[in-house]
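Below is one structure, written out as structure tokens; comments come after it.
The values are calculated or read from the model by the stated rules, or taken from the named source; none is laboratory data. Just so we're clear, the structure is a prediction, and the values are computed from it rather than from any experiment. Here the Cβ is made from the backbone with ideal geometry for all residues, glycine too, and neighbour counts use every protein chain on show. Side chains are part of the model used for accessible areas, which takes the heavy atoms of the whole protein and leaves out ligands, DNA and RNA. Shrake-Rupley method; radii C 1.70, N 1.55, O 1.52, S 1.80 Å.
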Amino acid sequence: MNKYTKILAVVLVAALKACTPQPQSTADARVEALLKQMTLEEKIGQLMQKNGDHPQLHDLIRAGKLGSVLNEPNPEKVYELQRLAVEESRLGIPLLIGRDVIHGFRTIFPIPLGQAASWNPALVEEGARIAALEAASQGINWSFAPMIDVTRDPRWGRIAESYGEDHLLNGIFGAATVRGFQGSDLAAPHTIAACVKHYAAYGWAEGGRDYNTVSIPENELHDIILPPFKMCIDAGAASVMTAFNEINGIPATGHIPLLRDVLRHQWGFEGVVLSDWESLTQMVTHGFTPSNKEAAYMAMQATMDMEMASTAYETYLPELISEGRISIKQIDDAVRRILRMKFDLGLFDNPYPFLGDFPPLLAPDHLAAAKQMAMESVVLLKNEGVLPLSTGIRRIAVIGPLADAPHDQMGTWVFDGKKENSVTPLQSLRELAAEQGLEIYYHRALELSRSRQITNLPAIMRDVQRADAVLLFIGEESILSGESHCLANIDLPGAQEELVQRIAAAGKPTAAIIMAGRPVTFEKVEPYLGAVLYAWHPGTMGGPALVDLIFGKASPSGKLPVTFPRHVGQIPMYYNHKNTGKPASDQTWERLDDIPAEAPQLSIGNTSHYLDYGFEPMYPFGYGLSYSSFQISNVTVETPRLKAGENLRVSFTLTNTGQMEAAEVVQLYTRQLFGSRTRPVRELRAFEKITLAPGQQQQHVFEINTRELGFHNPDMVFVTEPGTYHLWVSNCSQSGTQQSFEIIR
Ligand code: BGC
């Protein structure tokens, strides 16, 4: 048999096997049979993951001393690596090929924060399915996503990669991503394994500085940080990645209570746990273990299976075993989980699934899905009748560093997208202009988003003067967010504020389209803008999506998955905060400018706010406008008195009272008025995105189990407490008519 007939045979066998699903016990039996044949060296080899450019990669694979490779996206090279593993190593164990497939592979979808703004889990799932399909076609079988680190800090660069500040949103979108990657059959050639990260609390870094210290009360850890992980695991996630940070003094990679006790024992997770890049040996840098050997010991005790990049396991596990500190059973358990994942992926039956039948990268339906996701992720923050542009507008000034930035519109964590595949807003506008006889006057104005010098200002102003409307494409380049790219100042960078003010002076209808990896603070220039579309980094198809929205082919329907502060100094600002004993209101906000000279200090009537920036955000969580208008009516709590464990049912009617088809995201919030611990002023419990034609109505019922209203009480017991609860059915976290219900004993 030559190489290709051999491959064909393997593929045929795999296809046959795919039709006859393997019972769990068969896979378990095959894992056990293999384990019995493995030497200690081979077992430890399975626990190692190395980068694709590692100089000894081939030798290690041949020797059966490597379980996984990351960052090798070239299918020919992957073929060679798998071939070495399967044909030239003693036991022929295939490799896990990992990659950060974060928001698309070649077809790039909006950054995850933007995807969350769609409030459309079905679209997120479809995006992940397409990302998996494209990645799998190149030989990748393991994605290091979704990242579901709840965060309340827009200074943190990786907020771009999260689904925002709310744990329910992170859980729902994380689970949708897991389902999209893994499908219903992990062994199918088009699916890949998910890796839920970063366990845990990576988004809680002090001051929004990446990798920094996390101090979090135990109850908040369990009520806010961990639930999204549990939701992803319930969705079937094959693996979990530990975090770089420490949590209350213990680094995540050696965190026995979180890994062994919660993840394994409490939740029964039997999948693979992977470290982050060298996070195992960083336990020494943290000042937690005095040596890499002790770091390996702690990670093993915590049931951390696979070490990414560093080499403490291969170097020290043999010693730790011979000293009797680590048992062979512990090693076997870790190897078993890794082999099981390889079996589940179907790799033992077909290590080359990427040789099968795949659509091309960037297939038309992939691009259509990316466009739809980009459209639904955009949030209309302000509109004084400027958008959609009316048909009378023929001459358009297109200004700004992000109108034609094919690389930057893809956003952070793009390893396999190519800028030549991006369609920029300028390209799409020019295409439309050619069809409809519009005139476009384009100026980049700033070389980079952070440039301090506006170029060609006189020419810009001449074109703005002769235009009917101005579209300003401003925001942040992709490199200003992402891993380790945190900011202390989140205002529009460079000379952008000056640019907005200069252009506004011309008095033309002006819409800003802001692309960014985080909420930027732009309160100073907001009054100069007639409309603001927040587009995040919208990905490959950002241009056509934005042009459809700008010209009203579709209405914006995104809602903020994160609070937008007015000023960086207000952070943390989040919707599900506590009431405090002295909550502020408009009446009690003592404004800096109103304080008379030598004002005496008072101790009464004070409330919790800043003299200069008050107490409210610029835009609240859940907020977003539409070109149409909606009314929520007939809100009825159908279960006004119910017992813990029963289902709460709330019905409402949504009516599109405007002039165009559009979607509204209806949100259900509750508040427990009194508890054994104080409860947040609101908590998101459910949501539904509903599309309606003008004049159309739809009834909907939210139904949730009261268990979902629970929290950890002072004894750290998860409880749903009896008492009075308030409830809102609304289109934002700060609106809606208050209703109530009672949970009785
Ligand atoms: C990141 C992970 C990522 C890994 C591999 C690390 O720096 O924190 O999220 O999966 O690199 O690229």
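Show the residue pairs meeting these rules: Cβ distance below 9 Å; 6+ apart or different chains; first residue within region 692-707 and more than 15 Å from F741 (Cβ to Cβ) and without any contact (Cβ under 8 Å) to a residue 40 or more places away in the chain; second residue open to solvent by less than 70 Å² (accessible area, probe 1.4 Å) and not in a strand (DSSP E or B).
A693/M660
Of L381, L367, L362, L345, which residue is at positive phi and within 25 Å of the chain's Cα centre (by Cα)?
None of the others qualify; the one that does is L362.
(1) among the small types (G, A, S); (2) touching a helix residue (DSSP H, G or I) at 6+ places or on another chain (Cβ under 7 Å); (3) part of a loop (DSSP other than H, G, I, E, B): which one isn't true of A374, the others all being true?
Every condition holds for A374 apart from (3).
Checking the structure you have, find out if any residue of region 303-321 is on the phi > 0 side of the Ramachandran plot, polar (S, T, N, Q) and either within 16 Å of the ligand (Cβ to nearest atom) or open to solvent by 20 Å² or more (accessible area, probe 1.4 Å) (or both).
yes
Taking D261, is it away from the ligand (no atom under 14 Å from the Cβ) and either more than 25 Å from E708 (Cα to Cα) or open to solvent by 40 Å² or more (accessible area, probe 1.4 Å) (or both)?
In short, yes.
Confirm whether P714 is outside any strand (DSSP E or B) and open to solvent by less than 60 Å² (accessible area, probe 1.4 Å).
no
Which one of the conditions (1) under 13 Å from the mean Cα position of the chain (by Cα); (2) of a type outside the set (V, I, T); (3) open to solvent by less than 20 Å² (accessible area, probe 1.4 Å); (4) away from the ligand (no atom under 13 Å from the Cβ) does H167 fail to meet, given that it meets all the rest?
Unmet condition: (3).
When you scan region 302-320, how many residues do you find that are in a helix (DSSP H, G or I) and either touching a Leu at 6+ places or on another chain (Cβ under 7 Å) or under 14 Å from V273 (Cα atoms) (or both)?
Residues in region 302-320 being in a helix (DSSP H, G or I) and either touching a Leu at 6+ places or on another chain (Cβ under 7 Å) or under 14 Å from V273 (Cα atoms) (or both): 3 in total.
Can you tell me which residue in region 127-144 is nearest to the ligand (Cβ to nearest atom), limited to those that are touching a His at 6+ places or on another chain (Cβ under 6 Å) and open to solvent by less than 10 Å² (accessible area, probe 1.4 Å)? Spell out how you get there, then give the answer.
Of region 127-144, the ones touching a His at 6+ places or on another chain (Cβ under 6 Å) are 130, 133, 136.
Retained after the next criterion (residues that are open to solvent by less than 10 Å² (accessible area, probe 1.4 Å)): 130, 136.
On the way: I130: 20, A136: 18 Å.
So the residue we want is A136.
Looking at (1) in a loop (DSSP other than H, G, I, E, B); (2) polar (S, T, N, Q); (3) more than 16 Å from the ligand (Cβ to nearest atom), which is the one condition that is false for Q330?
(1)
I'd like the full set of residues that are assigned to a loop (DSSP other than H, G, I, E, B), crowded, with 19+ Cβ neighbours inside 10 Å and over 26 Å from the mean Cα position of the chain (by Cα), limited to region 279-301.
Listed by number, the residues that qualify are T281, H286, T289.
How about region 195-232: which of its residues are touching a Ser or Thr at 6+ places or on another chain (Cβ under 6 Å) and either closer than 19 Å to H712 by Cβ or surrounded by 22 or more Cβ atoms within 10 Å (Cβ to Cβ) (or both)?
C195, Y199, G203
Considering every residue within region 51-66, establish whether at least one is at pLDDT 95 or above, within 31 Å of the chain's Cα centre (by Cα) and either crowded, with 20+ Cβ neighbours inside 10 Å or aromatic (F, W, Y) (or both).
If we filter region 51-66 for residues that are at pLDDT 95 or above, which is where we start, we get 51-66.
Narrowing further to those that are within 31 Å of the chain's Cα centre (by Cα): 51-54, 66.
This time we only want the ones that are either crowded, with 20+ Cβ neighbours inside 10 Å or aromatic (F, W, Y) (or both), so: 66.
Within region 51-66, one or more residues are at pLDDT 95 or above, within 31 Å of the chain's Cα centre (by Cα) and either crowded, with 20+ Cβ neighbours inside 10 Å or aromatic (F, W, Y) (or both).
Go through (1) polar (S, T, N, Q); (2) assigned to a loop (DSSP other than H, G, I, E, B); (3) open to solvent by less than 20 Å² (accessible area, probe 1.4 Å) for Q409 and report which single condition fails.
In the conditions (1) polar (S, T, N, Q); (2) assigned to a loop (DSSP other than H, G, I, E, B); (3) open to solvent by less than 20 Å² (accessible area, probe 1.4 Å), Q409 misses (2) alone.
List the pairs whose first member sits in region 194-213 and is assigned to a strand (DSSP E or B) and away from the ligand (no atom under 11 Å from the Cβ), whose second member is hydroxyl-bearing (S, T, Y) and open to solvent by less than 10 Å² (accessible area, probe 1.4 Å), and whose Cβ atoms are under 7 Å apart, counting only residues at least 6 apart or on separate chains?
The qualifying pairs are Y199/T242.
For the condition out of contact with any helix residue (DSSP H, G or I) (no Cβ under 7 Å at 6 or more places or on another chain) and not in a helix (DSSP H, G or I), what is the one hit in L387, L347, L361, L402?
It is L347.
Any chance region 266-273 includes a residue that's within 12 Å of the ligand (Cβ to nearest atom), in a strand (DSSP E or B), closer than 17 Å to M300 by Cβ and not aromatic (F, W, Y)?
Within region 266-273 (the criterion being within 12 Å of the ligand (Cβ to nearest atom), in a strand (DSSP E or B), closer than 17 Å to M300 by Cβ and not aromatic (F, W, Y)), the answer is no, since none of the residues qualifies.
For residues in region 221-246 being among the acidic types (D, E) and in contact with a strand residue (DSSP E or B) (Cβ under 9 Å, 6 or more places away or on another chain), which is nearest to G710 (Cα to Cα)?
The initial filter retains those residues of region 221-246 that are among the acidic types (D, E), namely 223, 234, 246.
Narrowing the set further to residues that are in contact with a strand residue (DSSP E or B) (Cβ under 9 Å, 6 or more places away or on another chain) leaves 223, 246.
Values: D223: 9, E246: 27 Å.
Selected residue: D223.
I'd like to check something: does region 587-603 contain any residue that is open to solvent by 60 Å² or more (accessible area, probe 1.4 Å) and touching a strand residue (DSSP E or B) at 6+ places or on another chain (Cβ under 9 Å)?
Checked against the condition, which is being open to solvent by 60 Å² or more (accessible area, probe 1.4 Å) and touching a strand residue (DSSP E or B) at 6+ places or on another chain (Cβ under 9 Å), region 587-603 yields at least one hit.
Is it true that some residue in region 220-240 is within 14 Å of the ligand (Cβ to nearest atom), aromatic (F, W, Y) and not in a loop (DSSP other than H, G, I, E, B)?
Taking region 220-240 first, the residues within 14 Å of the ligand (Cβ to nearest atom) are 239-240.
So of that shortlist, the ones also aromatic (F, W, Y) come out as none.
Within region 220-240 (the criterion being within 14 Å of the ligand (Cβ to nearest atom), aromatic (F, W, Y) and not in a loop (DSSP other than H, G, I, E, B)), the answer is no, since none of the residues qualifies.
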